[in-house]
Amino acid sequence: MKVQGPATDLKIGWCLSPSDLAVAKLVAGRPKDLEFVAVMLRESLVDRTQLSDALQAIRRTDSRLSQQVCDDRLRWLQSAGFDQDRPRQT
């Protein structure tokens, strides 16, 4: 999403969607990134199926990214045990 206006001195800032941010964190794969994604999932800010689909798409199209990394993160998503049907806590 593009952000630009008087508050940005007319400079352009690009903001990631929550899902894009979560996928980037998953690919980075550091413990703090995985914990961040776990919280996003727990709070229903992102959808596990959507993240899985994005990782599978990256796995198929991005030759720079190891298939092993995507496979590891897909296994992490499967084993994370987040209940997507649980209502979000407010």
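The values are calculated or read from the model by the stated rules, or taken from the named source; none is laboratory data. Computed from a predicted model, the values in this text were never measured in an experiment. Glycine gets a Cβ as well: all are built from the backbone with ideal geometry, and neighbour counts include every protein chain shown.
Considering Asp33, Asp85, which residue is of a type in the set (Asp, Glu) and modelled with pLDDT under 95? Break it down stepwise before answering.
On the way: Asp33 fails: modelled with pLDDT under 95.
Result of the check over Asp33, Asp85: Asp85.
If you go through region 1-59, how many residues are within 13 Å of Leu74 (Cα to Cα), in a helix (DSSP H, G or I), in contact (Cβ under 8 Å) with a residue 24 or more places away in the chain and not aliphatic (A, V, I, L, M)?
Looking only at that region, the number is 4.
Here are some conditions: (1) modelled with pLDDT of 95 or more; (2) under 19 Å from Gly81 (Cα atoms). Ala54 meets all but one. Which one does it not meet?
Result: Ala54 fails condition (1) only.
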